[in-house]
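One structure below.
The values are calculated or read from the model by the stated rules, or taken from the named source; none is laboratory data. Predicted model only: the values in this text are computed from it and were never measured. Glycine also receives a Cβ, built like all others from the backbone with ideal geometry; neighbour counts cover every protein chain displayed.
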Amino acid sequence: MEIAPIVRRTGDAAFFERFSEKNAEKVRAFHASFPMYRETPLRPLSGLVNRLGIRGFYVKDESYRFGLNAFKVLGGSWAAARYVAKRLDIPLDELSFERIVSDEVRTRLGDVTFVTTTDGNHGRGVAWTARQLRQKAVVYMPKGTRPERLENIRKEGADASITEMSYDDAVRFTRRQAEANGWVMMQDTTLPGYSEIPGWIMEGYGTMAFEAYRQLPEPPTHIFVQAGVGSMAGAVAAFFASVYPQERKPVITVVEPLTADCVFQTAKAADGKLHAASGKLDTMMAGLACGEVCGLAWELLESCADFAIVCGDEASVEGMRLLASPVGDDPAVVSGESGAATTGLAAMLLANPSCDGIRRTLKLDGQSVILCFSTEGATDVENYCRVTGKKPFLN
């Protein structure tokens, strides 16, 4: 476990404004127009609070999101809607589920194929969105992807396959395929000349942050948020930095696997450049196994976040077990490998004497109120059962 401060630099104010409470409420209103929309629960963990000796611990449970077991559909659905609106000159305030799936939109839009790279959750969300729009989706997955994640995407009607490439190489392959075939690439990471759709996807993630903010009974002092390419982390950091004045802004810490540490390496270098991960991306936290940070995400993180931490898979294991077998009367949360990493890390920092130095750096103490996002449920049921000794319940 290692920590690096994120050197504060001011980014594009107009881009930052896209993650304000006002704009996040507009995105949430779009998501709320879906007939299957329900706020995902914010779980207070009072038993864990007493064990750790702090004031509050809350976990946002995204296993309930649209029946898709992860938050990622928020980004894909909003980006697809923004794409449709731009193509057909539809005002943003007229965007709704009913409008984008209408026969009128389908006729005017014609045939579209959305294409993406994913470890599982994002691709499932893109495939689901394409199906709602009665369009096609093609999904490429990095080598080592669990078959269960592939099948979940295929169930949404997508043409999905596992490649022999790393995540980052598969993203570049996806772009070449999009350009060659006239497909629409739906990726939450930037590439040269490709930033509009990643920005829209990041805006979509704001619904999760907005909901959590409205559900919290007290302001958080600390937010732990996981990163793959960093897009969700950047969106969450920007939103919470916008809703609290600087003197009350939570300490925001980005959490990554030791072997997929692109945000950490970029923070550690502190030279204004993006740096790739130092490891081989071999981690149980499949959703975080990305080697290159998103440039738009980093712009938000260096404006709003405070620290980057890397941890081994043991943090994920700790979080999965804590949430599956909660303390006292705390509610159980089904959390997958990537989803549980922040909860496990926060608990380890507070409970282990070997973490005293990092705990002091973060100013974690008896008055701390922690917010974590369980970004996925059990997306690999076999591994979930092996780690927790429990079968996941369905949401």
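Data table
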item: Which listed residue is part of a loop (DSSP other than H, G, I, E, B), in the same structural domain as residue 292 (by TED's automatic domain parsing) and not polar (S, T, N, Q), from 260, 238; result: 260
item: Selection from segment 212-231 of residues that are part of a helix (DSSP H, G or I) and either touching a strand residue (DSSP E or B) at 6+ places or on another chain (Cβ under 6 Å) or crowded, with 23+ Cβ neighbours inside 10 Å (or both); result: 212, 215, 231
item: Filter result for residue 139 (aliphatic (A, V, I, L, M), modelled with pLDDT of 95 or more and over 27 Å from residue 280 (Cβ atoms)); result: no
item: Scope segment 241-257; condition out of contact with any helix residue (DSSP H, G or I) (no Cβ under 7 Å at 6 or more places or on another chain) and either part of a helix (DSSP H, G or I) or not assigned by TED's automatic domain parsing to the domain that holds residue 315 (or both); matching residues; result: 246, 247, 248
item: Condition check for residue 315: in a helix (DSSP H, G or I), aliphatic (A, V, I, L, M), crowded, with 23+ Cβ neighbours inside 10 Å and out of contact with any Ser or Thr (no Cβ under 7 Å at 6 or more places or on another chain); result: yes
item: In segment 127-154, residue farthest from the chain's Cα centre (by Cα) [restricted to those that are over 19 Å from residue 172 (Cβ atoms) and of a type in the set (Lys, Arg)]; result: 134
item: Qualifying residues in segment 93-126 (those that are within 22 Å of residue 190 (Cβ to Cβ) and among the aliphatic types (A, V, I, L, M)) - the one farthest from the chain's Cα centre (by Cα); result: 112
item: Residue in segment 187-201 that is closer than 30 Å to residue 244 by Cα and of a type in the set (Phe, Trp, Tyr) present; result: yes
item: Filter result for residue 54 (surrounded by 13 or more Cβ atoms within 10 Å (Cβ to Cβ), of a type in the set (Val, Ile, Thr), more than 18 Å from residue 210 (Cα to Cα) and in contact with a strand residue (DSSP E or B) (Cβ under 6 Å, 6 or more places away or on another chain)); result: no
item: Residues (surrounded by fewer than 24 Cβ atoms within 10 Å (Cβ to Cβ) and either touching a Pro at 6+ places or on another chain (Cβ under 6 Å) or modelled with pLDDT of 95 or more (or both)) located in segment 259-268; result: 265, 268
item: Among the residues listed as 343, 375, the single one being farther than 26 Å from residue 150 by Cβ, surrounded by 14 or more Cβ atoms within 10 Å (Cβ to Cβ) and not hydrophobic (A, V, I, L, M, F, W, C); result: 343
item: Where a residue in segment 6-21 is within 11 Å of residue 302 (Cα to Cα) and its partner, wherever it lies, is of a type in the set (Val, Ile, Thr) and surrounded by 16 or more Cβ atoms within 10 Å (Cβ to Cβ), with Cβ under 8 Å and at least six apart; result: 6/254
item: Search result, residues across segment 338-360 that are within 17 Å of residue 220 (Cα to Cα) and of a type in the set (Ser, Thr, Tyr); result: 342, 343
item: Residue 107 in contact with a helix residue (DSSP H, G or I) (Cβ under 9 Å, 6 or more places away or on another chain) and outside the structural domain of residue 285 (by TED's automatic domain parsing); result: no
item: Any chance residue 363 is modelled with pLDDT under 95 and charged (D, E, K, R); result: no
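Condition check ((1) at pLDDT 95 or above; (2) closer than 18 Å to residue 196 by Cα) across all residues:
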{"residue": "79", "(1), (2)": "yes, yes"}
{"residue": "105", "(1), (2)": "no, no"}
{"residue": "122", "(1), (2)": "no, yes"}
{"residue": "133", "(1), (2)": "no, no"}
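Per-residue answers, yes or no, for (1) assigned to a helix (DSSP H, G or I); (2) more than 17 Å from the chain's Cα centre (by Cα); (3) not assigned by TED's automatic domain parsing to the domain that holds residue 242:
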{"site": "268", "(1), (2), (3)": "yes, yes, no"}
{"site": "271", "(1), (2), (3)": "no, yes, no"}
{"site": "274", "(1), (2), (3)": "no, yes, no"}
{"site": "287", "(1), (2), (3)": "yes, no, no"}
{"site": "291", "(1), (2), (3)": "no, no, no"}
{"site": "297", "(1), (2), (3)": "yes, no, no"}
